Structure formats: C-alpha cells, structure tokens
C-alpha cells in the first residue's frame, strides 16, 4: 500500500487545490499535511501492524477532502471521496470500510472506540499543542468568518478556545506524553489574555 499512499497524496493535493474554496484558510492542504506528519510522529512508536499504519495514513490524507463540497457532514463526504478513490485502485472492501471508519472518527463530537480511531483524532488536534497555536487559531477564526459569517469579539474568541481546550482530551498515552505539556501552556496563555481583557473592562 506504500505506493498507494503516494498516489493518495497526489490525488488529495490536486483535489484540494482544485475543489477547495480559498476561504478555507485553516482546513486546507497545509492542515492535511500537518495531520499526516503528526500521525507519523505518533504511530512510529506504536505496535500497530504495517497495514494499520498505512490505513491510518490513507485516512489522514482524505479526512478533510469533504470540505471541497460541504461543511456540515464533511467527514461523511470525505469518506465517500476516499471510497471512490480506493475502489478505482481495487482495494478490498473490508480495507475501504476500515479507512472510512477512521475518517469518520475525526468528527468533532465522536467518541473513539479503537486505538486507531484515537490516534487519528490525536493527530487531527495536535495544533492545540503547537507553539504556533495562536497562528493556527487565527486562521480558524478567519475561516469561520469567511465561510459562515461568524464574527466574534476577542473576549468571546478566547472563551471559545478556552472552553474547547478544557473539554478536549488526547486519547493515546503517546499523544499525552508528547503534547499535553504544551497544550497546558497554551491554555494558560489564553486564560492570561482573557484576564487582561476582563481587567480592562473593570477600569
């Protein structure tokens, strides 16, 4: 499946470049590439089989292609796009279903049921632990504004992100070990920024 992953990378790169609205300044090819990279960082230290690792990487490449057609339910659309690609490559149905389940596991409110589902969710949310967290969230904020007309005050935006970080948990021990500390630091910075804004309101 190694060559197939290279084919998937080429397909997804072309697909997103041709079908994704430029308003998606966060959920774009660069995000997909980061998720794939984050996933590689995690799974290289696991005891997953070669096949499971390859299926995860395939799912990571396709997981946000659905944004090329829809925002709501984009995960299901992503799974459909992946299924079409994999069927053309004559991949076994059980493998296609496994990859589709991994893609669907990236849905924001989904509770992972397997290790592999946890790994792809962790990779998809690794930006929460990035030293560039502020930059990535600024892209997401702009994307919400451009695609959904959602304009938020600085205070509301900080509250939104604080709430998300407080309710988010990494699923795998590896992700916790690698990323939890920086995530906690990012949360602390958000809380400090919110405190400053609220202090100004009191003046």
For the range 168-180, enumerate the residues that are more than 19 Å from residue 44 (Cα to Cα) and in contact (Cβ under 8 Å) with a residue 40 or more places away in the chain.
168
Any residue in the range 66-79 that is more than 21 Å from residue 148 (Cα to Cα), buried (at least 21 other Cβ atoms within 10 Å of the Cβ) and in contact with a helix residue (DSSP H, G or I) (Cβ under 9 Å, 6 or more places away or on another chain)?
yes
Considering (1) outside any loop (DSSP other than H, G, I, E, B); (2) touching a residue at least 60 places away in the same chain (Cβ under 8 Å), say which one residue 51 fails and leave the rest.
(2)
Which of the helices (runs of 4 or more DSSP H) found entirely inside the range 85-176 contain at least 3 residues meeting this: at pLDDT 95 or above and either over 27 Å from residue 191 (Cα atoms) or touching a strand residue (DSSP E or B) at 6+ places or on another chain (Cβ under 8 Å) (or both)?
93-104, 115-124
So how many residues does the range 2-25 have that are in contact (Cβ under 8 Å) with a residue 60 or more places away in the chain and either within 18 Å of the chain's Cα centre (by Cα) or not in a helix (DSSP H, G or I) (or both)?
6
Determine, yes or no, whether residue 125 is surrounded by 14 or more Cβ atoms within 10 Å (Cβ to Cβ), within 19 Å of residue 56 (Cα to Cα) and under 15 Å from the mean Cα position of the chain (by Cα).
yes
For the range 131-149 the number of residues that are over 18 Å from residue 192 (Cβ atoms) and touching a residue at least 12 places away in the same chain (Cβ under 8 Å) is 9
Across the range 5-40, what is the number of residues that are buried (at least 16 other Cβ atoms within 10 Å of the Cβ) and either within 22 Å of residue 173 (Cβ to Cβ) or at pLDDT below 95 (or both)?
5
Pick from 76, 30: which is more than 11 Å from residue 120 (Cα to Cα), in a helix (DSSP H, G or I), out of contact with any strand residue (DSSP E or B) (no Cβ under 9 Å at 6 or more places or on another chain) and free of Cβ contacts under 8 Å to residues at least 24 places away in the same chain?
30
Yes or no: the range 84-96 includes at least one residue that is within 24 Å of residue 126 (Cβ to Cβ) and surrounded by fewer than 21 Cβ atoms within 10 Å (Cβ to Cβ).
no
What tally of residues in the range 158-167 results from selecting those that are free of Cβ contacts under 8 Å to residues at least 24 places away in the same chain and over 17 Å from the mean Cα position of the chain (by Cα)?
3
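The values are calculated or read from the model by the stated rules, or taken from the named source; none is laboratory data. Since the structure is predicted, the reported quantities are computational estimates derived from the model, not experimental observations. Here the Cβ is made from the backbone with ideal geometry for all residues, glycine too, and neighbour counts use every protein chain on show.
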